[in-house]
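Structure, as structure tokens:
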Amino acid sequence: MARALFLPTSSEATHRWIAIDGDAIVARGEGLPDADDVPLTVIVPAEDVTLHWADVPARSTAQAVAAARLLVSDASAAPITDLHVAVGDEGTDDKPIGVVAAQRMRDWLASLAERGLDPQAMIPAPMLLPRPTEGYVRADFGGDGVVRGPASGFADEPGLTGIVTGGVAPSAIDRDALEKAVVAAVARPALDLRQGIFARREAISFDWGVARRAGWLVAAILLVTLAIALVEIARYSFAADELTRKSDLMARTGLPRGETVNDAGRQLDARLVRLRGGGIGFSATAAIVFDAIRSVPGSELRALSFDAAGKMRASLVTQNEGQVTDLINRIRARGLVVTPSTFSGGNGRVSGDLTVTPR
């Protein structure tokens, strides 16, 4: 079900409306219809709207309207800022363009809003007629004559219609064809004036039922996410425990047979220290010191000691103090800390101690 409301040409005239159900007009009436949920289309008087047809860009509505405003500004005596321009589409290259005073649009919508009416579309009366391929067609809407041609549409006024049509008499449309054309135009308006700043604002309704279902859905998603996270944490924990157990068993194999195991890792580290010595171990530290002595000709090792903390004390004899510096630099280059004692000379030789510790 839908309704079409015909606006009067003057304030003294009466509103008229029709009710459409399916493909037929099922009721007619005068006055304003009741404000209800039935979709309402308003038919605007032909004398209040100027219609043009032009080939304008159709990539977007905004581009089409911008191009149409440029065309209208050249053909209108009124300032373009005072006009409302709407662009339609009839499926052809040339688009219908409706031009109406912006204040007139405001007055119509304000008057309808006072009665609780908010039309979904506003159609110029000539756009209710079928577009002829040639010549002109004419119809009456409650005594108001309307004429339409292939690229024109206007109110039928004696003396002026003949000038516009070039003397060609418009053909009358029979009642059945007119009603079908009106029903089709209301169902799919080729030109709707409710565009731009006058576009219909759809009311936003809040469905609490949908909100509750969405809330439960979000809660379910969060619970599932939490469950997945807990399962992952438990899986990682079990894997870590298993890895620790295996590591403990492997560490036990490195301990002496019969030793009581309290902390296999700590006890294995202690045994390793005992076997290799503290720090980086006796072998690694001694190898670095021996390599440094071999690389400095004339240097000799007289004594060597190593303690549990990983500190090595080397007593050396060199030919001069420069060789002592060379030894220190070579040992330090291997990443160890070298602390020299006071070296004394005698019989052409220099002797002293180097304390080598890990960093």
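The values are calculated or read from the model by the stated rules, or taken from the named source; none is laboratory data. Only a predicted model underlies this, so the values are computations on that prediction, with no experimental measurement involved. Note that each Cβ is placed from the backbone with ideal geometry, even for glycine, and that neighbours are counted across all protein chains shown.
A single member of Arg313, Arg302 is of a type in the set (Lys, Arg) and within 14 Å of Val350 (Cα to Cα), and it is Arg302. Considering only residues in the range 13-27 that are among the β-branched types (Val, Ile, Thr) and in a strand (DSSP E or B), the one that is farthest from Ala185 (Cα to Cα) turns out to be Val26. Here the condition is being closer than 16 Å to Glu47 by Cα, assigned by TED's automatic domain parsing to the domain that holds Leu7 and surrounded by 13 or more Cβ atoms within 10 Å (Cβ to Cβ); of Ile173, Ile123, Ile80, it holds for Ile123 alone. Can we say Ala46 is under 23 Å from Glu12 (Cα atoms) and of a type in the set (A, V, I, L, M)? Yes, satisfied. Of the listed requirements (1) of a type in the set (D, E, K, R); (2) assigned by TED's automatic domain parsing to the domain that holds Gly149; (3) assigned to a helix (DSSP H, G or I), Asp192 misses just one: (3).
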